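Accompanying notes for the structure given below.
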Amino acid sequence: MIAPSSRLARLSFLLLILAAFALRVLRLDAQSLWYDEGVTAAIAQRGLSELTRWTANDIQPPLYYYMMAGWGALAGWSEWALRFPSVFFGLLLIPLLALVAWRLTALRAAAWMAALLAAFHPLLVYYSQEARMYALLLALAVLAAYLLLRLASPPRPARLLWLSYIGVATAAAYTHYFAFFLLLALGCAWLLDRPTRAQVGRFLAASLAILVLYLPWMAVLLTQLRVDRSYWTGTLKLQEALLAIARSFTSGASMAERTATWLLLPYLAVTLLALYALWRSRAQSRRLLRYAGFWLLIPILAVLVLAFNVPKFNARYVMLALPGLLLLWSGGLAALAGPHRAPSMGQPQRRLWQERRRLYFALGTALLLTGFLWANLNWFLNPAFAKDQWRELAAFLRSRAAPDEQIVLVSGHAWAVWDYYAPDLPALRLPDLPILDVDAVLDFAATGPPLAAAFAVPSGKTGAWLVNWQEEVVDPNDVVPVQLELGGREKGQNATFSGLTLRRFGGIRPTRFALAPPVDHLLDIPFGDQVTLHGYKVLNNGDLLLFWRRDLPPHGEGADLHVALQTRSLAGRPLAQPQDRRLAGYNYPSFRWPAGSIVMGHLTAAEWLGDEPQPGQVALTLRVYDGQDPSAAPLPVGQNEVELRIEPVEIVID
């Protein structure tokens, strides 16, 4: 083995760091900023008080934005400059994790494996190229772990080391709220190291100091837990959450979901092999198993428990736990490659046993690195994993939008990234909110007045470019495109952009926008005590609008109502059978509707009239049922048949 102080070892490690740096700066500004990165750019350029106020109303503490404000003042606000701090902290993570592995095992191979896996793990590469706080958070987390391990080692550590731990841990908590879960995990593992009574006292004093330093922000944290409306009410789907975490921790964010799920099997095999090797290894390696286990499990469990009460979840929220898995892999594989007590056997059998261990080490390492390489290649070369192309869309509209065309931005909370790329292209924001609010679902009352004002005669605007992003959240029922179709006519255009949709409308007259649900034919047919089919309208392009009124029970309760439809000619010839669906948009189930509200369901002409719609009488059979229990009987209706006319059209309800 190479001595840790040898020139070759230092050179090899330097080459690894250089390779990791090259990977992280490769095509650093090739992709557009996406929404979160646009928020970073916008908030970091504000004054200190305004920056603090914004983060107090958002879901992140302010330290990262403070750092970016100082960095941006020096380096500028280009995409490359905004992302470079993440490159730095992502690179810093590599030697820090190697030091933690060395402290836990005293094995050079474990330190090398930890550095190697951290250098090429696709999730770490991805977030080392994103202008967000996750690379900083992970670097602070691993540094806190290293300092805590130093504090457990004799002789008694200096006071400066304790102060350093307090400072780093506090910085992590001011970077992301979930840092507290990691500190809990590290503290549990550290206390199982059997520290002296004096060390325990210092640790408790340090923990108290961290809480005291965080008190100025504690009220903000508790308030955000209570008022945050950037998530839908509901129940966390535990199996889906666990699968998302497993895919993220193995294949990162740049692997097709189906492929990443299948790859979990070989990753699981490597994990089990690492666990077995650590368990059979010496006590020092078992210490790594303890730390890695707490590090991996406690943050994940804590976030999942929180998500059961506040059902907002994304796999990146548990990124703090990823170093635990990397330590487990690196320690287990190093245990296979390093010295190991052989079982009682003859020399030939012992040699064969050692060769098998080396083979398992080589296969496990090759499998991990091959999977990492595949995911990284996807990230850099596969357009399917490109970030939302705000930069490209803004450039397209700058060259195509005419002076008499209004840009309509849905969702309005995307203002930050829009203003970064297109400050010269004013956009009508719908809804006009600074931060996402899932309860601010667009309807005709919320869209009619601002659209009418934007296209009023003095403005000279008669056309529109509709930019859709996260419209499934704020406009799940297609109210804005229906409004633009009412006001004019869709012209069509062929440009496509990753993560965004773009539509064009012309001939718009502001007097045509609807200020209330534009019901042409009033029906008022009740379905049980849940909803009433209030009426319908057929657009000039053949699209059918069904208007539903929520009756009982109260908001947030009740069945998840679905509708089954089938159309036929009056002669009985089948025309179309749309797939069963929720009454309105998929992301706006009936139990989310406010009581008494009228909500629109939208079927395109092709969906309900077939591929070649023809004017004439059409019979539409409509059945409403509980989507959570499709075998249940349909809800009772007040009448069985009503006429719905497109030259004319008949609707039958059973």
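The values are calculated or read from the model by the stated rules, or taken from the named source; none is laboratory data. All values derive from a computational prediction rather than experimental measurement. Quick reminder, even Gly has a Cβ in these numbers, built from the backbone with ideal geometry, and neighbours come from all protein chains shown. Accessible surface is based on the protein model in full, side chains and every heavy atom, while ligands, DNA and RNA are left aside. Shrake-Rupley method; radii C 1.70, N 1.55, O 1.52, S 1.80 Å.
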Once both labels are modelled 7 Å past Cα along the beta-carbon direction, what's the D611-A219 spacing in nm? 6.5 nm
About the Cα centre of the chain, what is the dipole size in debye to 20, counting +1 per Lys and Arg Cβ and -1 per Asp and Glu Cβ, all else neutral? 4700 debye
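Would you kindly state how much longer the chain becomes between R159 and R356 on full extension, computed as 0.36 nm times their sequence separation minus their alpha carbon distance, in nm to one decimal?
Details: separation 197, 0.36 × 197 = 70.92 nm, distance 4.73 nm.
Stretched out fully, the R159 to R356 stretch lengthens by 66.2 nm.
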Charges on Cβ only, +1 for Lys and Arg, -1 for Asp and Glu, centred on the Cα centroid of the chain; of L409, V624, I525, which one is farthest towards the dipole's positive end? L409
Per residue value of the accessible surface for the chain (all protein chains in place, 1.4 Å probe), Å²: 44 Å²
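At 222 nm, what helix-only mean residue ellipticity would the chain give, in deg cm²/dmol to the nearest 500, using -39500 (n - 2.57) for each DSSP H run of four or more?
-17000 deg cm²/dmol
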Starting from a Cα-only point model with no solvent, please compute log10 I(q)/I(0) by Debye for the chain at q = 0.06, 0.08 1/Å. -0.43, -0.73
Gyration tensor (alpha-carbon) shape descriptor, the range 395-455, a/c threshold 1.5: oblate
So what is the diffusion coefficient of the range 156-257 in µm² per second by Stokes-Einstein at 25 °C and 0.890 mPa s, using a Kirkwood Rh over Cα pairs? 146 µm²/s
Could you calculate the FRET efficiency of L242 with N541 from 1/(1 + (r/R0)^6), where r is the beta carbon distance between them and R0 is 45 Å, rounded to 0.05? 0.55
Loop-resident trypsin sites (Lys or Arg not before Pro) in the range 488-555 with no more than 13 other Cβ atoms inside 10 Å, DSSP not H/G/I/E/B, are K491
Report the FRET efficiency, 1/(1 + (r/R0)^6), for L18 and L515, where r is their Cβ-Cβ distance and R0 is 60 Å, rounded to 0.05. 0.45
Rounded to a whole number, what is D in µm²/s for the range 41-121 from Stokes-Einstein with the Kirkwood radius over alpha-carbon pairs (4 °C, 1.567 mPa s)? 88 µm²/s
Would you mind telling me the share, in percent, of accessible area of the range 478-549 contributed by carbon and sulfur at probe 1.4 angstrom? 42 percent
Taking only Cα atoms, what is the 0 to 90° angle, nearest 10, from helix 7-25's long axis to the longest principal axis of the chain? 10 degrees
Please list, in order along the range 172-186, the HN-Hα scalar couplings obtained from phi with the Karplus expression 6.51 cos²θ - 1.76 cosθ + 1.60 (θ = phi - 60°), rounded to whole Hz, x for Gly and Pro. 4, 5, 7, 8, 8, 4, 6, 4, 4, 5, 5, 4, 5, 4, 5
The chain - percent relative contact order, Cα under 8 Å, separation 6 or more: 10 percent
Can you list residues whose amide H is under 5 Å from L561's amide H, if they're 5+ apart or on another chain and H is modeled 1.01 Å from N? S590, F591, G627
For D524, residues with placed amide H under 5 Å, excluding near neighbours: H534, G535
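Looking at the square roots a ≥ b ≥ c of the eigenvalues of the Cα gyration tensor of the range 373-425, which shape do they give, rounded for a/c under 1.5, prolate if a/b is larger than b/c, or oblate?
Values: a/c = 3.34, a/b = 2.28, b/c = 1.47.
Prolate, because a/c is 1.5 or more and a/b exceeds b/c.
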Angle, helix 35-44 long axis vs. longest principal axis of the chain, Cα atoms, 0 to 90°, nearest 10? 70 degrees
Amide H contacts under 5 Å for K312, placed H, 5+ residues apart: none
Express in Å², to the nearest 10, the accessible area of Y625 obtained by rolling a 1.4 Å probe over the protein heavy atoms while all chains stay in place. 10 Å²
Highest first, please rank the peptides 371-378, 249-256 by the mean number of other Cβ atoms sitting within 10 Å of their residues. 249-256, 371-378
In degrees from 0 to 90, rounded to the nearest 10, what is the angle of the helix 79-105 Cα long axis to the longest principal axis of the chain? 40 degrees
In nm, give the distance between the simple-model label positions of K312 and I59, each being 7 Å from the Cα along the Cα-to-Cβ direction. 0.4 nm
Diffing the range 389-399: the Karplus 3J(HN,Hα) column from phi (6.51, -1.76, 1.60, θ = phi - 60°), in whole Hz with x for Gly and Pro, holds 8, 5, 4, 5, 5, 4, 5, 5, 5, 4, 8
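What do you get for Rg/Rh of the range 377-532 when both radii come from the Cα atoms and Rh is the Kirkwood radius?
Numbers: Rg = 17.1 Å, Rh = 16.8 Å.
That ratio equals 1.02.
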I need the phi-derived Karplus couplings for the range 288-293: 6.51 cos²θ - 1.76 cosθ + 1.60, θ = phi - 60°, integer Hz, Gly and Pro marked x. 4, 4, 5, 5, 4, x
I'd like the accessible area for I43: 1.4 Å probe, protein heavy atoms, all chains in place, Å² to the nearest 10. 0 Å²
Sites F380 and D560 - FRET efficiency at Förster radius 35 Å, r taken between beta-carbons, to 0.05: 0.30
Give the separation of the Cα centroids, the range 554-599 to the range 419-480, in Å. 25 Å
Under a crude label model (7 Å from the Cα following the beta-carbon direction), how far is A571 from T604 in nanometres? 2.7 nm
Take the alpha carbon gyration tensor of the range 100-139, find the square roots of its eigenvalues, order them as a ≥ b ≥ c, and report rounded if a/c is under 1.5; if not, report prolate when a/b exceeds b/c, else oblate. oblate
How many lysine pairs in the chain, separated by 8 or more positions in sequence or lying on different chains, have Cα atoms less than 29 Å apart? 7
